[in-house]
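What follows is a short report on a single structure.
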Amino acid sequence: MTMRTNCFLLLAILLGLIPINNTHANDSIPKSVILYTPYTKISVSPGASIDYSIDLINNTDQLTNANLSVSGLSASWKHEMKSGGWSLSQLSVLPKEKKTFNLKVEVPLKVNKGNYHFVVYAGNAKLPLDVVVAQKGTYQTEFTTDQPNMQGNSKSTFTFSATLKNQTADQQLYALMANAPRGWNVVFKPNYKQATSAQVEANSTQNVSIDITPPANVEAGSYKIPVRAATGTTSAELELEVVVTGSYQMELTTPRGLLSTDVTAGDIKKIELEVRNTGSSLLKDIQLSANKPADWEVTFEPSKIDALKAGETSTVMATLKASKKALPGDYVTTIMAKTPEVNADAQFRVAVKTPMIWGWVGVLIIIATIGVVYYLFRKYGRR
């Protein structure tokens, strides 16, 4: 090749008319290889875990092997690159294709508020990223629930689902406590197993189920139940609210619980009754009635109870009058107390006795019979 030809070739190369045939090493990335993610600047809280999905795009006609690395993060910012469940340090991409990998970055708990800049590299390709920490990080504990308020009747068990988060750099053993009113029962179940303490790893969370059972005679209303998770160095409190709608229950009995009596036919008997509100709601307009034998009469004093508070008892005097035609024997009288919400009843066994006058009549008849026999014996016996 002449000197003149060489000069023309050199000029053509310099002008870019003839491409230079370069041989690329595995870790030498053409400029047309790029990294892409849509989230290049985000705001997070201390202790957050950030998951980036990053595309490595190969726009060349050659196979690209890219060495992956991250620059600009301090040692306290832990990071890991993965794809297909494997940890990565190099990624291979076919010509005109792309591969996606994940970068997980752990923001430390102990961190200052501010903007943090770092760069992801794939060979010569780079992706600048920014993380804005919205607040200064502190060592603390969080005790939270998505539903702090529950409603039900007094026989319900209220189950709250809470999350205990250990935002410290050390494993913590938390004592679980509740400040509940007297008679209330609070049971903690870390990971759904009953316990009085929960062990949580550093910067980790644990589910805690909290079962709250009110006492049987609790009145309707709203009750605050503070619960607490505490160690010697850190603690957190959560206030739960239980709204008891109340239950309607009533009992009808006597002061001694005796449900039997006796009466003489045609006579009256007074029976002292007790109406008890064994529920947790106010009972109003309690009506008293009786299911009695034919020709019997039952009256009440008072005839109705206007209102009876939860846990209270009202005394009622029932007057029972047996029929004059009642034969000796046992009879059943059912006394009932009714409200629109609940009913109660008591069955009384009533033994009917013969009136005393008939007893004396019988005695007189016997005496008269003996007298007649004696007279006849005296008058006709000697004959």
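Assorted remarks:
- Lone qualifier among THR234, THR278 - being touching a residue at least 60 places away in the same chain (Cβ under 8 Å) and farther than 30 Å from SER161 by Cβ: THR278
- Residue selected from region 47-91 under the condition in a loop (DSSP other than H, G, I, E, B) and in contact with a Leu (Cβ under 7 Å, 6 or more places away or on another chain), by the criterion nearest to THR141 (Cα to Cα): GLY47
- Counted residues, region 39-64 - those being open to solvent by less than 30 Å² (accessible area, probe 1.4 Å) and either of a type outside the set (A, V, I, L, M, F, W, C) or over 15 Å from PHE101 (Cα atoms) (or both): 9
- Residues that are touching a Pro at 6+ places or on another chain (Cβ under 7 Å) and β-branched (Val, Ile, Thr) occur at least once in region 90-113.
- Region 192-206, subset closer than 19 Å to GLN147 by Cα and modelled with pLDDT of 90 or more, residue surrounded by the most Cβ atoms within 10 Å (Cβ to Cβ): GLN206
- Selection from region 71-89 of residues that are surrounded by fewer than 16 Cβ atoms within 10 Å (Cβ to Cβ) and in contact (Cβ under 8 Å) with a residue 40 or more places away in the chain: SER71, GLY72
- Pairs with Cβ under 7 Å, 6+ apart, first in region 162-179 and modelled with pLDDT of 95 or more, second charged (D, E, K, R) and open to solvent by 50 Å² or more (accessible area, probe 1.4 Å): MET177/ARG228
- Per-region count, region 140-178, residues in contact with a Pro (Cβ under 9 Å, 6 or more places away or on another chain), hydroxyl-bearing (Ser, Thr, Tyr) and under 16 Å from GLY232 (Cα atoms): 1
- Residue that is free of Cβ contacts under 8 Å to residues at least 60 places away in the same chain and touching a strand residue (DSSP E or B) at 6+ places or on another chain (Cβ under 8 Å), where the choices are SER154, SER204: SER204
- Near pairs, Cβ below 7 angstrom, 6+ apart or cross-chain, from region 112-127 (without any contact (Cβ under 8 Å) to a residue 24 or more places away in the chain) to any residue that is open to solvent by 20 Å² or more (accessible area, probe 1.4 Å) and part of a strand (DSSP E or B): ASN115/ASP130; ASN115/VAL132
- Selection of strands (runs of 3 or more DSSP E) fully inside region 92-186 by the criterion of at least 3 residues being surrounded by 15 or more Cβ atoms within 10 Å (Cβ to Cβ) returns 98-106, 114-122, 125-133, 140-145, 158-167, 172-178.
- Subset of region 199-238 (residues that are assigned to a loop (DSSP other than H, G, I, E, B) and closer than 28 Å to ALA48 by Cβ): GLU201, ALA202, ASN203, THR231, GLY232, THR233, THR234
- Annotation: of all residues in region 207-221 being modelled with pLDDT under 95 and more than 16 Å from ASN185 (Cα to Cα), the one that is surrounded by the most Cβ atoms within 10 Å (Cβ to Cβ) is ALA220.
- Looking only at region 187-198, and only at residues there that are hydroxyl-bearing (Ser, Thr, Tyr) and not in a strand (DSSP E or B), the one that is nearest to THR141 (Cα to Cα): THR196
The values are calculated or read from the model by the stated rules, or taken from the named source; none is laboratory data. As the structure is a computational prediction, the values presented were derived from the model and not from experiment. No Cβ is skipped: glycine too gets one built from the backbone with ideal geometry, and neighbour counts run over all protein chains shown. Ligands, DNA and RNA are stripped out before the accessible areas are found, and what is left, the full protein with its side chains, is counted by its heavy atoms. Shrake-Rupley method; radii C 1.70, N 1.55, O 1.52, S 1.80 Å.
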